[in-house]
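A.B. asks: I have a structure here, written as structure tokens, and I will follow up with some questions on it.
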Amino acid sequence: MTDAPKRTPLYDLHVELGGKIVDFAGWEMPVQYPMGIMGEHKQCREKAALFDVSHMGQVILRGDNVGEKLETLCPQAFATLKEGKARYGFFTNDDGGIMDDLIVSNAGDHYFVVVNAALRHQDIPHMQANLDGIEVTEIFDRALVAVQGPKAEDVVGELCPAARDLKFMETAIADIGGVECRISRLGYTGEDGYEISIPEADAIRVSKLFLAHDDCEPAGLGARDSLRLEAGLCLYGNDIDQSTSPIEASLNWAIQKRRREEGGFPGAARIQKELAEGTAKKLVGIKPEGRAPARQGVEVQSEGGDTLGAITSGSFGPTVGGPVAMGYVAADHSAAGTKVNLIIRGKAQPAEIVALPFVTQNYKR
Amino acid sequence: MATYYSEDHEWITVEGDVATLGITQHAADQLGEVVFVEQRETGDEFEKGGEIGVIESVKAASEIYAPLDGEVVEVNETLADNPGALNESPEGDAWIYKIKLSDASQLDDLMDLDGYKALIG
């Protein structure tokens, strides 16, 4: 079955701004604008960039004890997530693999969940089937944009003073340009910034208010990928999937202490065992020494020629000024400083295991 | 000095039996920002249609294919330190190889500028 590509409420704006449109997970999305990926990347690290992330799934969960019930599907402490707070999480399967990652916000009278574009068709039925007594409603009439970068607070705060009061991983309803928006201080670039859910009818107008600021320019999927890679953030389908456990993916930080101890989520047996005993492989940062980028699928070998694993995400890091990558390697070769070889087009290229992220995260805690 | 174009978006200029080879402005625009060029070495021999290098942009890797048989007599080594030159001056300073042609009649299979313009529309 092939569905016609879908367009977000911002599609006409992307075209107007000269965005180069590509198919992404069934959506017609801008991969870059005339500024180019490098320029957009730099814009986000130095000033502010506006991204359309409306293709992601926005879901409202209503009912009693939503947080407790979500804990039966995810290893996160969502029951104790305070009102106005957001938390990164993931659905696990019975084998302890990651089904998708998501951001969950406690919005007071409901929970607000954002899931990946390609997996909304899996995640919505999964929640509907397993969250007993919870009304699971996917929202189709709102856009989602991200304003990211050190100037994001100025760009958004000028229009919405309440945005300045939010700290990292906090969420609130606020007025922007006369429109009621959900504004959350979080994002996927390693920079300070916001994700803002806007009613569809006002999405272009509000986005243009952000873009009217001298320090804000549009950025596409290309920059989004290079930014998140430098920030050491996993991309579902590349770095994490149904077969990888969160412990292998070095996402231990995203499983709170109580949940580690109590278990009670799908795959808890494997995850608790791996927390106690470690894993055979581990997701790490990998810095090629030369200039050649190591792309997804490139084999990682020990200096002695043994296969250690493979690159899961690899590109050129514009801020780093050279190639950057993430991938899985055998745990006994996962320490920062370990020298490895990357087999790029048949030739061994020297590289080093490094601590993630490649660039310092700039969140306003 | 005649300039020829290949369907793989390369340009070739010929002086005597030495051809200079690069990628077209159209190819450079399609690739996006170039961050790395993998080149062969002087003395390497090319066969028409064979892979003779790789251009990596921020987005992806793209192979360069030989438009002619020949032997590399010079490599533009400035591209190693400044791969971005391929975006700025693909049909000028950022040539990739000079090749000694082994069969000049292969030039007849390539396009002239009008033919290439028709190809890229």
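The values are calculated or read from the model by the stated rules, or taken from the named source; none is laboratory data. Source: prediction; values computed, not measured. Counting neighbours? That spans all protein chains shown, and the Cβs are built from the backbone with ideal geometry, glycine included. Note: accessible area is taken over every heavy atom of the protein model, side chains too, but ligands, DNA and RNA are not part of it. Shrake-Rupley method; radii C 1.70, N 1.55, O 1.52, S 1.80 Å.
A.B. asks: Can you pull out every residue in the stretch A:187-217 that is of a type in the set (A, V, I, L, M) and open to solvent by 10 Å² or more (accessible area, probe 1.4 Å)?
C.D. replies: A:201, A:204, A:209, A:211, A:212 - these are the residues of the stretch A:187-217 that are of a type in the set (A, V, I, L, M) and open to solvent by 10 Å² or more (accessible area, probe 1.4 Å).
A.B. asks: Of the conditions (1) surrounded by fewer than 21 Cβ atoms within 10 Å (Cβ to Cβ); (2) within 30 Å of residue A:76 (Cβ to Cβ), residue A:317 satisfies every one except a single condition; which number is it?
C.D. replies: Single failed check for residue A:317: (1).
A.B. asks: Hey, another quick one. Just give me the residues in the stretch B:24-83 being within 14 Å of chain A (Cβ to nearest Cβ), β-branched (Val, Ile, Thr) and within 30 Å of residue A:42 (Cα to Cα), in sequence order.
C.D. replies: Of everything in the stretch B:24-83, those that are within 14 Å of chain A (Cβ to nearest Cβ), β-branched (Val, Ile, Thr) and within 30 Å of residue A:42 (Cα to Cα) turn out to be B:34, B:35, B:37, B:54, B:55, B:58, B:64, B:78.
For (1) without any contact (Cβ under 8 Å) to a residue 60 or more places away in the chain; (2) open to solvent by 10 Å² or more (accessible area, probe 1.4 Å); (3) under 23 Å from residue A:296 (Cβ atoms); (4) assigned to a loop (DSSP other than H, G, I, E, B), each residue gets a yes or a no:
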residue	(1), (2), (3), (4)
B:1	yes, yes, no, yes
B:13	yes, yes, no, no
B:22	no, no, no, no
B:38	yes, yes, yes, no
B:62	yes, yes, yes, no
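Residue-by-condition table, conditions (1) closer than 19 Å to residue A:185 by Cβ; (2) surrounded by fewer than 21 Cβ atoms within 10 Å (Cβ to Cβ); (3) modelled with pLDDT of 95 or more; (4) of a type in the set (Gly, Ala, Ser):
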| position | (1), (2), (3), (4) |
| --- | --- |
| A:47 | yes, yes, yes, no |
| A:52 | yes, no, yes, no |
| A:57 | no, no, yes, yes |
| A:60 | no, yes, yes, no |
| A:72 | no, yes, yes, no |
| A:80 | no, yes, yes, no |
| A:84 | yes, yes, yes, yes |
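A.B. asks: Considering only residues of the stretch A:1-27 that are within 14 Å of another protein chain (Cβ to nearest Cβ) and assigned to a loop (DSSP other than H, G, I, E, B), which is nearest to the chain's Cα centre (by Cα)?
C.D. replies: Out of the qualifying residues, it is A:19.
A.B. asks: Take the stretch A:218-230 and flag every residue that is open to solvent by 10 Å² or more (accessible area, probe 1.4 Å) and either outside any strand (DSSP E or B) or within 11 Å of another protein chain (Cβ to nearest Cβ) (or both).
C.D. replies: A:221, A:222, A:224, A:225
A.B. asks: Which of the following residues is within 20 Å of the chain's Cα centre (by Cα) and more than 14 Å from chain B (Cβ to nearest Cβ): A:271, A:176, A:204, A:198? Step through it out loud before you land on a result.
C.D. replies: Numbers: A:271 fails: within 20 Å of the chain's Cα centre (by Cα); A:176 fails: within 20 Å of the chain's Cα centre (by Cα); A:204 fails: within 20 Å of the chain's Cα centre (by Cα).
Exactly one of A:271, A:176, A:204, A:198 is within 20 Å of the chain's Cα centre (by Cα) and more than 14 Å from chain B (Cβ to nearest Cβ), namely A:198.
A.B. asks: So which of A:263, A:305, A:290, A:285 ends up being over 24 Å from the mean Cα position of the chain (by Cα), open to solvent by less than 10 Å² (accessible area, probe 1.4 Å) and of a type outside the set (Lys, Arg)?
C.D. replies: After applying the criteria, what remains is A:263.
A.B. asks: List the strands (runs of 3 or more DSSP E) that sit entirely inside the stretch A:120-196 and contain at least 1 residues that are closer than 17 Å to residue A:211 by Cβ and in contact (Cβ under 8 Å) with a residue 24 or more places away in the chain.
C.D. replies: In the stretch A:120-196, the matching strands (runs of 3 or more DSSP E) lie at A:142-148, A:171-176, A:179-184.
A.B. asks: Restricting to the stretch A:28-38, count the residues that are outside any loop (DSSP other than H, G, I, E, B) and either closer than 15 Å to residue A:225 by Cβ or within 14 Å of another protein chain (Cβ to nearest Cβ) (or both).
C.D. replies: Final tally of qualifying residues: 7.
A.B. asks: Here is a further query. For residues that are open to solvent by 20 Å² or more (accessible area, probe 1.4 Å) and either within 12 Å of residue A:70 (Cα to Cα) or among the hydrophobic types (A, V, I, L, M, F, W, C) (or both), tally how many sit in the stretch A:112-131. First the steps, then the outcome.
C.D. replies: From the stretch A:112-131, those open to solvent by 20 Å² or more (accessible area, probe 1.4 Å) are A:116, A:118-119, A:121-122, A:125-126, A:128-130; that's our starting set.
Checking which are either within 12 Å of residue A:70 (Cα to Cα) or among the hydrophobic types (A, V, I, L, M, F, W, C) (or both) leaves us with A:118-119, A:126, A:128-130.
Of the residues in that region, 6 qualify.
A.B. asks: Looking at (1) within 29 Å of residue A:295 (Cβ to Cβ); (2) surrounded by 15 or more Cβ atoms within 10 Å (Cβ to Cβ); (3) in contact with a strand residue (DSSP E or B) (Cβ under 8 Å, 6 or more places away or on another chain), which is the only condition residue B:80 fails?
C.D. replies: Unmet condition: (2).
A.B. asks: Out of the stretch B:89-109, which residues are under 13 Å from residue B:67 (Cα atoms) and open to solvent by 30 Å² or more (accessible area, probe 1.4 Å)?
C.D. replies: The answer is B:98, B:100, B:102, B:103, B:104, B:105, B:108, B:109.
Listed here are the residues, each with its yes/no results for (1) closer than 27 Å to residue A:86 by Cβ; (2) more than 14 Å from every other protein chain (Cβ to nearest Cβ); (3) out of contact with any strand residue (DSSP E or B) (no Cβ under 8 Å at 6 or more places or on another chain).
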| position | (1), (2), (3) |
| --- | --- |
| A:248 | yes, yes, no |
| A:277 | no, yes, yes |
| A:287 | no, yes, no |
| A:291 | no, no, no |
| A:299 | no, yes, no |
| A:309 | no, yes, no |
